[in-house]
Amino acid sequence: MAEVQTNTQSGELSQRFIEFVMMQAQNAALFLGQIPNPQTGQGEVNLELAKMFIDQLAMIQEKTRGNLTNEETAVLRNTLSNLQMAFVEVSQQTRGEKPAASPQAAPPEPSGEPSAASAPAEPSDAPTAPPAETESRKKFTKSYGA
C-alpha cells in the first residue's frame with residue numbers, strides 16, 4: 001500500500017515539475033515575442049526578462065542534475081535548448097543581424113569573445129563527462145546574453 005502511494009505521489013510530483021518547466025518556458029516565450037501579450041494581443045520582446053526565465057531554467061537543470069526522471073530530464077533539456085536558440089535568434093533580429101542557418105555552420109568571429117550563435121558546439125544530449133558538460137553549459141549561458 002505504501003509503495004502504491006509513493007508511486008502515485010512520485011507521478012504527481014513529476015507532472016507538477018513538468019508543468020513548472022512549461023510555465024517558465026511560456027513566460028520566456030512571452031518575453032521573446034513568440035506568444036502575444038494577453039492584454040495587447042501583440043508580441044512584445046523583452047530580452048532581459050526572457051533571459052531571466054531562461055537562466056532560472058538553467059539553474060533548475062544544474063541543481064536537479066541526477067535527481068530527475070528520464071522524462072523530466074528530457075523535457076527540461078529540450079525546453080531549455082529551444083529557448084536558448086530562440087533567444088539567440090530574437091537577439092540577432094533585434095540587433096538587425098541575419099540569423100545563422102545553423103549554429104555550427106556560423107563562421108568564427110574575429111573578436112576574442114565567442115558569438116552567441118557559435119557557442120553551443122555540442123548537442124546537449126551527447127554523452128559526455130559531467131565536468132565537460134558543466135563547463136560547456138557555463139560557457140553557453142554566459143555568452144548567449146552578451
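The values are calculated or read from the model by the stated rules, or taken from the named source; none is laboratory data. Computed from a predicted structure; not experimentally measured. Glycine also receives a Cβ, built like all others from the backbone with ideal geometry; neighbour counts cover every protein chain displayed. When the accessible area is computed, the model is the full protein with side chains, heavy atoms only, and any ligands, DNA or RNA have been set aside. Shrake-Rupley method; radii C 1.70, N 1.55, O 1.52, S 1.80 Å.
Of note:
- The one condition in (1) open to solvent by 80 Å² or more (accessible area, probe 1.4 Å); (2) modelled with pLDDT under 95 that Lys63 fails to fulfil: (2)
- Screening Glu48 on (1) in contact with a Gly (Cβ under 9 Å, 6 or more places away or on another chain); (2) at pLDDT 95 or above; (3) surrounded by 11 or more Cβ atoms within 10 Å (Cβ to Cβ) shows it passes everything except condition (3).
- Near pairs, Cβ below 9 angstrom, 6+ apart or cross-chain, from the range 34-58 (free of Cβ contacts under 8 Å to residues at least 24 places away in the same chain and among the aliphatic types (A, V, I, L, M)) to any residue that is surrounded by 13 or more Cβ atoms within 10 Å (Cβ to Cβ) and in a loop (DSSP other than H, G, I, E, B): Ile35/Gly43
- Ser10 vs. criteria open to solvent by 40 Å² or more (accessible area, probe 1.4 Å) and part of a helix (DSSP H, G or I): yes
- Of the residues making up the range 31-43, at least one is closer than 16 Å to Thr94 by Cβ, in contact with a Pro (Cβ under 8 Å, 6 or more places away or on another chain), modelled with pLDDT under 95 and not aliphatic (A, V, I, L, M).
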